[in-house]
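Every number here is computed from the coordinates shown, using simple stated rules; none is lab data. These figures come from a predicted structure and were not determined experimentally. A quick note on method: Cβ atoms are made from the backbone with ideal geometry, for glycine too, and the neighbour counts reach across all protein chains shown.
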Amino acid sequence: MIDSKKIVRNDGRTPDQLRPVSFSRGIYEYAAGSFLFEMGKTKVLCAVSMQPGVPQFLRGKGAGWLTAEYALLPNSTMMRTQRDNTLNRKDGRAVEIARFIGRCFRSVVDLSEIGERTITIDCDVLQADAGTRTAAITGSFLALSMAQEKWLQSRLISKPIIREHIAAVSVGVVHDNVLLDLNYEEDSAATADFNFVITQTNKIVEMQGGAESAPLSWNTFEQVRLMACHGTQKLFALYDEHKKDSEVKTGLQRDLQQPERAPLFSLKNRQQSSQ
């Protein structure tokens, strides 16, 4: 692994350091689960809902379905992004990322437990500074966990449907250095770029990427893999910390008979002090 003390990145991070992470829950009143997830300057609003009905190929089989939608909102990038309905066509990149998100979650969700219903994951990028698809996966997992809690409480489902916890990070090679969680400037200069979706038990769900200007050695790829595992384990630690904080706040709210609010969970200082 690269010696993190010898390399300082353009934003002051070490090679194995995530961008500052923060998120807040319960953004939408009508979604079963929703989170605003931020990694550095990248901000993604993730929401999860469930409706009756499944695609035709699943009708009558008693199983459910999960799908995803992804979009860059018009002013999420330096150049305004046009909405699909004004272009009269689908954005190919958005369709590809939506399919990527759907595949990842279908591999870790037990859809046989929801009956003939469809879970929809909506990811809207409010601001893009690289890593939007990985931020969408991580934020959506938090939103799905929140939705699962509500469905269990309302007895819409009888047992948890999440079989594995997942998180996602990007790893790139920039000037021969393996870097975790690239920002836009680093992503633009990368000679190799990968997105990893990994479970908390350290199994791989999906990997996307490759070399862009020259072939990558297996030794360098092994460093990339180890960096991805390191980054996702950091995110899983944040999940656990958020869960503990939420349980404490919920308990206090019950004691005081106060309604639940959407807390902002910021890990900018905690993350840096723990590394």
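With a 10 Å Cβ neighbour count serving as the proxy for reagent exposure, in which order, fewest first, do Ser213, Ser112, Ser49, Ser145 appear?
Starting with the residue having the fewest Cβ neighbours, the order is Ser213, Ser112, Ser49, Ser145.
What's the local net charge at Ser34, with K and R +1, D and E -1, over the other residues with C-beta under 10 Å away? Before the final figure, lay out the partial values.
Numbers: positive: Arg25; negative: Glu29, Asp122.
Cβ neighbours under 10 Å give a net charge of -1.
In debye, nearest 20, what is the charge dipole magnitude of the range 21-266 about its Cα centre with +1 on Lys and Arg Cβ and -1 on Asp and Glu Cβ, if you could check? All intermediate terms of the calculation are to be shown ahead of the outcome.
On the way: 27 positive and 29 negative charges, 181 e Å.
Roughly 860 debye, rounded to the nearest 20.
Once you sort the root eigenvalues of the Cα gyration tensor of the range 106-162 as a ≥ b ≥ c, which label holds: rounded (a/c under 1.5), prolate (a/b larger than b/c) or oblate (the other case)?
Note, shape of the range 106-162 comes out prolate.
Can you give me the distance in nm between label points at Phe57 and Leu156, each placed 7 Å from the Cα along the Cα-to-Cβ direction?
A separation of 2.5 nm, rounded to one decimal place.
May I ask for the net charge around Ala135, where only other residues with Cβ less than 9 Å from the Cβ of Ala135 are counted and Lys, Arg are +1 while Asp, Glu are -1?
After counting each charged neighbour, the total is +1.
Summing Lys, Arg as +1 and Asp, Glu as -1, what charge do residues with Cβ under 13 Å from the Cβ of Arg155 carry, Arg155 excluded?
0
Is the shape of the range 18-71 rounded, prolate or oblate, going by the alpha carbon gyration tensor and its root eigenvalues a ≥ b ≥ c, with a/c under 1.5 for rounded and a/b larger than b/c for prolate?
Details: a/c = 3.78, a/b = 2.39, b/c = 1.58.
Judged from the Cα gyration tensor, the range 18-71 comes out prolate (a/c at least 1.5, a/b above b/c).
Pull up the cross-link candidates among the aspartates and glutamates for Lys90, meaning alpha carbon to alpha carbon under 18 Å and not fewer than 8 places away within one chain.
Glu69, Asp122, Asp124
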